[in-house]
1. Please build a GNM for the chain, connecting alpha carbons under 10 Å apart, and tell me which residue among Ala235, Ala289, Ala221 fluctuates the most.
2. Normalised by the residues of region 153-228, what does the relative contact order come to in percent, with Cα pairs under 8 Å and at least six apart?
3. Between Val276 and residues 5 or more places away or on another chain, which pairs have amide H atoms under 5 Å apart, with H built 1.01 Å from N, and which residues are they?
4. Just read off the accessible area of Val63 with the full protein assembly in place, 1.4 Å probe, to the nearest 10 Å².
5. Which is the longest run of the chain containing none of the GluC sites (Glu not before Pro) found in DSSP loop states (not H, G, I, E, B) with at most 11 other C-beta atoms within 10 Å?
6. Give the carbon-plus-sulfur fraction of the accessible surface of region 94-145 in %, rounded to a whole number; probe 1.4 Å, heavy atoms of protein chains only.
7. Might you report the magnitude of the Cβ-based charge dipole of region 44-189 about its Cα centre, with Lys and Arg at +1 and Asp and Glu at -1, to the nearest 20 debye?
8. Go ahead and estimate [θ] at 222 nm for the chain from helices alone: -39,500 (n - 2.57) per DSSP H run with n ≥ 4, summed, over the residue count, rounded to 500.
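The values are calculated or read from the model by the stated rules, or taken from the named source; none is laboratory data. Keep in mind that this is a model prediction, so the values were computed, not measured. Cβ coordinates were reconstructed from backbone atoms using ideal geometry, including for glycine residues, and neighbour counts include every protein chain displayed. The accessibility values were calculated without ligands, DNA or RNA, using every heavy atom of the protein model including side chains. Shrake-Rupley method; radii C 1.70, N 1.55, O 1.52, S 1.80 Å.
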Amino acid sequence: MKEKHILVTGGFGFLGSHLVERLLADEDARVHVVDNLSTSPLDHEAYVRRVNNPRLTYDILSVEEYFSRGAFAPFAEIYHLASVVGPVGVLAHSGKITKSITDDTYRVIDIANRTGARLCDVSTSEIYGGGRDGYCSENDNKIITPKVSVRLEYAVAKLACEIALVNTCKVSDLFAVIIRPFNIAGPRQSGKGGFVLPRFIKQCLAGEPLTVYGDGGMIRAFTHVVDVAEGIVRALRLGRRGEAYNIGNPQNKISIRDLAERTVRITASESRIEYVDPKALFGPLFEEANDKYPDADKAMGELGWRPRFDLDTVIRDSVEYIRAERLD
């Protein structure tokens, strides 16, 4: 059996680790991870021991450092996930995000062109700027809000890379697809980057108040990380060249206030809910995203992708992981 060499940048991240396991499920896959661990929630050595697969190799370095080596395996597929991430996590990179994201994307394009690999770029649902009252379709306009923020820099950098990828597909032999994930959640996600569900769960398990930002009316559609990993693979292997796909579960649409209440119920916690000003916690650079939930018809129709996990399962799987983590 001929082996398929696959590169995953950011493969030791929350989403990346699940993607790596999905790829290794194919017996012909040899997966190489490049990750500098700057946003990884994992102990990568413990993770590699647990996976225990000789077809998984890795380098602990940045995309820039890896690219500078100049010699690459004959990759058939490249999944580009490496990026700053998180509503809080991006704040420390203000003014530097655009260069970081665009530079790494061009490096990955170069590797794909040198090796003839298909490329999947993981973008963000924030390129929609909130869409139509939160509803986001691939056919909608991308909205750049008048207020400049760190979060806007992140969204615009990701959008610029999308445009560069599509245009490169038009003028070269590059095969690239783009996915826009919607509020990924599930096992291994950390609250450190500002992600809401693991924060709520840890507060519930500790008997602490759940801190809901503002009035908690923000709308999101939480999608199980395993569903997103499957969507990424399907996009690269079944998607159309130069196309973007929403990967998100519209059935899991919920307000943050209702998510807090549901998390309290599922954990059987006695924690109360407190409404707080996030700027008081994280400073004036923090901005909450606009409402957002996906139209996923394109991914379902063209890729045959179907999200399998409802919201209660997303929460329960996350609770189980965090409870086990607390016992370690």
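1. Looking only at Ala235, Ala289, Ala221, the largest GNM fluctuation is found for Ala289.
2. On the way: 40 pairs, mean separation 24.8, N = 76.
So the answer I get is 33 percent.
3. Amide H neighbours of Val276: Val212, Tyr213, Gly214.
4. Ignoring ligands and nucleic acids, Val63 comes out at about 10 Å².
5. 28-269
6. On the way: 1020 of 2370 Å².
So the carbon and sulfur contribution to the accessible surface is 43 percent.
7. Numbers: 17 positive and 16 negative charges, 46 e Å.
With only Lys, Arg, Asp and Glu charged at Cβ, the dipole is about 220 debye.
8. Calculated from helices alone, the mean residue ellipticity at 222 nm is -12500 deg cm²/dmol.
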